[in-house]
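Shown next, in structure tokens, is the structure this report addresses.
Read-outs: derived from the displayed coordinates by stated rules, not from any lab. Only a predicted model underlies this, so the values are computations on that prediction, with no experimental measurement involved. When we count neighbours, we look across all protein chains shown, and the Cβ atoms used for this are built from the backbone with ideal geometry, even at glycine.
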Amino acid sequence: MATITRKKADKKTACAPALLSMRGYAKYRDCAASTVSRAITAGRITVRTDGLINPTKADREWAANTDLSTPRNSVTGTPKLAGQGKHSKASARKAEERAGKPEGETYATNRLERERYRAQLARLEYEKTTGALISQDDVRVACFNAGRTVRDMMLALPDRLAPILAAQSSARECHAILTKELTRALETLASMPGLEKGGADS
């Protein structure tokens, strides 16, 4: 095998042109220009100051600086990773075993977790349908409307009650009038849509 390789190298050297461009050398070696470019960047072969390549010298450097025991892609020049998918699965399995979670147990755990989330989603959907669960936006709107209504009613009390209270002759009568108006305001708040049910539940 070594004799055949040496004969091929001697034959290539014998017919090698004097100087080549990077693309010309790639064509000469029957590989991609990007492969030659990476070889130059990695320092596996050298170029002249004018950018040309001496193919005879470059062939020697290529052979000396290339690990022939590692199969390489003829286009990219990168090592071929045969059976990479199998190796990845084996590595993942070993990692799981090291973590104390065999593959079967991990699958069962993930499946159980999915079923638990599905049950929770089904429960939320049921509660939403039956009215036991309401939207946060609906709650915010109801609270805002309730607060605004109570504010308006409270602010209207002085103007409406001032002449009535002024005409009273005793504090007892004033107290009764104020109690009646405040009770009416609170009952209005409790009967507002979205709050009436909550008050009944509590």
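Here the alpha carbons of region 136-196 define both size measures, Rg and Dmax, at 14.6, 50 Å.
Each residue of region 122-131 is assigned a 3J(HN,Hα), and the resulting list reads 5, 5, 4, 5, 5, 5, 5, 5, 7, x Hz, derived from the Karplus form 6.51 cos²θ - 1.76 cosθ + 1.60 (θ = phi - 60°), x at Gly and Pro.
Could you calculate the FRET efficiency of GLU113 with ILE134 from 1/(1 + (r/R0)^6), where r is the beta carbon distance between them and R0 is 35 Å, rounded to 0.05? Intermediate results must be reported in sequence, preceding the final value.
Working: r = 28 Å, r/R0 = 0.80.
Calculated transfer efficiency: 0.80.
Taken along the Cα-to-beta-carbon direction at a fixed 7 Å, the label points for TYR126 and ARG48 span 8.5 nm. Each residue of region 165-171 is assigned a 3J(HN,Hα), and the resulting list reads 5, 5, 7, 7, 9, 9, 5 Hz, derived from the Karplus form 6.51 cos²θ - 1.76 cosθ + 1.60 (θ = phi - 60°), x at Gly and Pro.
Put simply, the amide H of ILE45, placed in the peptide plane, has neighbours under 5 Å in ILE40, leaving out anything fewer than 5 places away on its chain.
Each residue of region 49-62 was assigned a 3J(HN,Hα) from its phi angle through the Karplus expression (A = 6.51, B = -1.76, C = 1.60, θ = phi - 60°), giving 5, 8, x, 8, 10, 7, x, 5, 5, 5, 4, 5, 5, 4 Hz with x at Gly and Pro.
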